[in-house]
Amino acid sequence: MTDEHFLDDADFIDRIINVKNLQENCFKYLEDSSKDLLTHKIIFSIAKLSSEKMRPVKLAEISLDLFDVNEKSKQDTIRLTIEKSLSKCGIVEKLRYSHNDVKYALVAYRFKKIEKIDSFRGDRSKSLELFEIPKIFWPVPDEFFQLISKKYGIGETLKKINSDFDNDLILRGKYEDLTREFSENLSQIQKKLSTKFSGLEELIS
Amino acid sequence: MKLGTIIFLVFILFLTDSIVFAQLDSNTNILHVSFVNNAAPSYEIEFETNEKILLEQSYSWIRDDTSRYNLISYGIDGDDFIPISRQPRGTFSIDIPADSSSIIFSSTVQYPVSIEGVREYSFSPKSPTNDNWFDKDSEILILDVTSNDSGIFPHEIVNWDGPVIDYVDNSAQILIDSPIHLTAYWATNYSFLGFLVLLPIVGIIVFLIKRKNDSNVSNTVPKHTRKEPKFDPDDYEEKIMQFLKQKSNEKLSLLVSSEVISPEKSVQIKENL
């Protein structure tokens, strides 16, 4: 199996940006009160491992992370927990790449708790609260962080060049060359952020 | 404006913005404009008598690549010098009486001071032009220097790179004899933690010693460093690339401290920045 079969960066970013609505009985798996339950641990393990590996993860990897062992019985427990609870709730997605290659990924990284209201006008839902998987576990490519770090660095550098020019520390020619070069770089970075990583910067910066 | 009045653009100094305007009438007179220590070339303005002259002179003008002249006073027809309110840039204007024959401007040489590796600082005395330029041969204290890093434990300066005459705690003294560029190097001071641990032990030891003898207190002599001035405009591009790297790394550190990325991941990203 090669990387081209895994979720690509854009798919992961969609999962981060989209908010998944959950009924109260499913939302409870995310809450702190469930932190000792296997369901809660599996969600966070998948998030952590996906972020580290930047791809969906195998049962064996989850088992190793949670139990420090890779036994079949442990894997079966995890698989059943996912199938009976987390997949049914729409929190975890099972991705079958081939007969022997099955991996798991979180459907979303932000979940909204909703309450269904039965009324004579039909079913409606009411939003209650938002849960966010900690950002440190988001599967964000390194390239994104390189871009936002450079964007900040270039912004600050342009400020310094302007200030140095005001203080007569550099000649006009050098000032104009440098501001043009850095402004072009900044514009390219911004373009990439708004195309490849659209919506992510607002959530992370 | 009287008939026959002409406005003259008289002088442009060193390709800077030093400009003189004069209003003239029918009888020609001459105003000699000069500068103490030949800070700028002298020149003459022909004008007509019984007419006021509006003379304009830049507050600052270039001396060389690393210094500038800044206007401090003027004297008309050999009278005492009259100080002006000093400004970093812009133009000083003065109405010259029609019977005047000479004006001399006095200026001083100024050098810039810049500091890296610090978040905040102040100068004492402040710049006479309210910027980061200081008069030649003045002694300046850099005070209230704070570190870019924040944390529980205080940071203290362990060294300065640059022509520092003297430094104590988070302040430094400099002599303005060239452009000054300083870099502060910091270290975290854990002595407070040690102080808490050692306090009871020291208390007992002091008590015991006091009972026998007076103790001698040794004074720490502040470290004197004096280095050659460091300012090379050719290095600017290299310095600005270092600055860019430093700022980009600061953003990464911020992402780590706000738990958006792990320290391990940040190291990996930093290598590819």
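All of the numbers you see were taken from the coordinates with simple rules; none came from a lab. Just so we're clear, the structure is a prediction, and the values are computed from it rather than from any experiment. Because the Cβ atoms are built from the backbone with ideal geometry, glycine has one as well, and the counts that use them run over all protein chains shown.
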Subject >> Interchain or long-range residues, amide H under 5 Å from A:Asn21's placed H >> reply: A:Lys112
**OP:** Only loop residues by DSSP count here, and only those with at most 14 other Cβ atoms within 10 Å; note down the GluC sites (Glu not before Pro) in the stretch A:15-84 that meet that.
**Re:** A:Glu31, A:Glu71
Original post:
Over the stretch A:3-137, what relative contact order in percent results from Cα pairs under 8 Å that are six or more residues apart?
Top reply: 30 percent
Subject >> Note, ³J(HN,Hα) from phi for the stretch B:252-263, Karplus 6.51, -1.76, 1.60, rounded to Hz, x at Gly and Pro >> reply: 4, 4, 5, 5, 5, 5, 8, 6, 8, 10, 7, x
**OP:** May I have the pair-distance distribution P(r) for the stretch A:142-204, computed from all Cα-Cα distances with 5 Å bins from 0 and rounded to whole percent?
**Re:** 4, 17, 25, 19, 13, 10, 7, 4, 0
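Can you bin the stretch A:70-205 into rounded, prolate or oblate? Criterion: square roots of the alpha carbon gyration tensor eigenvalues sorted a ≥ b ≥ c, rounded for a/c under 1.5, prolate for a/b above b/c, oblate for the rest.
It is prolate, given that a/c is not under 1.5 and a/b is the larger ratio.
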**OP:** Within the stretch B:100-201, report the chymotrypsin sites (Phe, Trp or Tyr not before Pro) that DSSP leaves as loop and that have at most 15 other Cβ atoms within 10 Å.
**Re:** B:Tyr190
Original post:
Given charges of +1 on the Cβ of Lys and Arg and -1 on the Cβ of Asp and Glu, with all other atoms neutral, how large is the dipole of the stretch A:1-101 about its Cα centre, in debye to the nearest 20?
Top reply: 380 debye
Original post:
If the viscosity is 0.692 mPa s and the temperature 37 °C, what translational diffusion coefficient in µm²/s does Stokes-Einstein give for the stretch A:1-116 when Rh comes from Kirkwood over Cα pairs?
Top reply: 226 µm²/s
Subject >> Positive-end residue of A:Leu186, A:Gly173, A:Gly199, charge dipole of the stretch A:150-205 with Cβ unit charges >> reply: A:Gly199
Original post:
222 nm [θ] for chain A, helices only, -39500 (n - 2.57) per DSSP H run of 4+, per residue, to 500?
Top reply: -15500 deg cm²/dmol
